[in-house]
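Peer 1: One structure coming up, written as structure tokens, with questions to follow.
What follows draws every value from the coordinates through simple rules; no lab data is involved. Quantities reported herein were computed from a predicted structural model and do not represent experimental measurements. Here the Cβ positions follow ideal geometry from the backbone for every residue, glycine too, while neighbour counts run over all protein chains shown.
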Amino acid sequence: MASNESDEKLVLLGRVVGVHGVRGELKLESYTEPRTQIFRYQPWLMRSAAGEKTIEGCRGRAQGKGLVAELPGVADRDAAVALHGAEIWVRRSALPTPKPGEYYWSDLEGLEVVTVEGVSLGRVSHLIATGANDVLIVREGERERLIPFLVGPFVTSVDLEGGRLTVDWDPEF
């Protein structure tokens, strides 16, 4: 069965955190590495309280610790203010295939987590970056476990097709 574009998984790449100047430029927070890569993945699906809008042809530059972006159709400060807080999503197919041993966080979310002994620990809710390494947030009912995403010491295998992530982790911890 062919994949329906409207059913394709979306990946959150950033959000609008402010406005810059009076010509409609936006301040962005990017979740890509490096941060300027966000401009390579388009079209963007902008989601805000006002609804959703697909935008293509976004350009921008790094400025300080953030980014400044120009979006087609956003020509003044009022139009930019209306987008404050909007999330920037792209279709998963717009992103390059990860290298072996690398994963997009969005691909790990929802995977069942089991120990090497086969004990289920729950599912990956989300991940967080700590600076030293990424951390899996694994939820099972009300219980939440934080497991370092370190392939080898803690993560022994990732099976995206099978929907399972195996960890060397004490189920009591």
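Peer 1: How far apart, in nm, are the 7 Å Cα→Cβ label points at residue 54 and residue 79?
Peer 2: Here the answer is 2.0 nm between the modelled labels.
Peer 1: Give the lysines whose C-alpha is closer than 21 Å to that of residue 65, dropping any in the same chain fewer than 8 places away, or say none.
Peer 2: By straight Cα distance, residue 65 reaches 27.
Peer 1: Could I ask something else about it? Residue 139 to residue 36: FRET efficiency via 1/(1 + (r/R0)^6), r the Cβ-Cβ distance, R0 35 Å, to the nearest 0.05?
Peer 2: Values: r = 33 Å, r/R0 = 0.95.
Efficiency computed from Cβ-Cβ geometry: 0.60.
Peer 1: Any aspartates and glutamates with Cα under 14 Å of the residue 9 Cα? List them, leaving off those in the same chain fewer than 8 positions away.
Peer 2: Candidates past the 8-residue exclusion: 107, 109.
Peer 1: Can you list the residues, at least 5 places off or on another chain, whose amide H is less than 5 Å from the amide H of residue 149, using H built in the peptide plane?
Peer 2: Placed amide hydrogens put 134, 135, 136 under 5 Å from residue 149.
Peer 1: For residue 146 and residue 97, calculate 0.36 nm times their separation in residues minus their Cα-Cα distance, and state this gained length in nm to one decimal.
Peer 2: Contour length minus the Cα-Cα distance gives 15.0 nm.
Peer 1: Right, something else. Which loop-located GluC sites (Glu not before Pro) does the range 1-107 contain, where loop means any DSSP state but H, G, I, E or B and the Cβ has at most 10 other Cβ atoms within 10 Å?
Peer 2: 56, 102
Peer 1: A further question follows. Which trypsin sites (Lys or Arg not before Pro) in the range 1-109 sit in a loop by DSSP (not H, G, I, E or B) and have at most 16 other Cβ atoms within 10 Å of their own Cβ?
Peer 2: Hits after loop and neighbour filter: 9, 23, 65.
Peer 1: When only DSSP loop residues count, what GluC sites (Glu not before Pro) in the range 107-159 have their Cβ near at most 13 other Cβ atoms within 10 Å?
Peer 2: Answer in residue order: 117, 142.
Peer 1: Go ahead and estimate [θ] at 222 nm for the chain from helices alone: -39,500 (n - 2.57) per DSSP H run with n ≥ 4, summed, over the residue count, rounded to 500.
Peer 2: Computed ellipticity for the chain at 222 nm equals -1000 deg cm²/dmol.
Peer 1: Further question: Under 5 Å between amide H atoms, partner at least 5 residues away or on a different chain: which partners does residue 156 have, H built in plane at 1.01 Å?
Peer 2: 166, 167, 168
Peer 1: What number, in percent, do you get for the relative contact order of the range 4-113 if the mean sequence gap of Cα pairs under 8 Å and at least 6 apart is divided by its residue count?
Peer 2: Values: 195 pairs, mean separation 37.4, N = 110.
After rounding, I find 34 percent.
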